[in-house]
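Asks: Okay, here's the structure, questions in a sec.
The values are calculated or read from the model by the stated rules, or taken from the named source; none is laboratory data. Quick caveat: nothing in here was measured; it's all calculated off a predicted structure. Please note: Cβ atoms are built from the backbone with ideal geometry, for glycine as well, and neighbour counts cover all protein chains shown. Heads up: the accessible areas ignore ligands, DNA and RNA and are worked out on the full protein's heavy atoms, side chains in. Shrake-Rupley method; radii C 1.70, N 1.55, O 1.52, S 1.80 Å.
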Amino acid sequence: MPPEDDHRITVHLDKLLAERGLTLTELAERVGVTIVNLSILKNGRARAIRFSTLSALCRELDCQPGDLLHYDSLDSPDSPD
């Protein structure tokens, strides 16, 4: 099993915010999550996300979870290994 900090999940929050013309502050207020926690998620340092938070983000960003999160497999041509 790989170390916990070696996850392969990429978060596309920056892209979705830019596409929707929102700031991190505006999104934090809308979903009821602190800016610090959203920043941790945005920068790929989050270790977990609650389904309620993921649902709120998808609701406010009008997206699906797959638009926000992406799994990079070891077999992927874009894989850093």
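Asks: Summarise the accessible area of the stretch 26-68 (1.4 Å probe, protein heavy atoms) by the percent that is carbon and sulfur.
Replies: 48 percent
Asks: Set the Förster distance to 30 Å, then compute FRET efficiency between L24 and Y71 from the Cβ-Cβ distance, nearest 0.05.
Replies: 0.80
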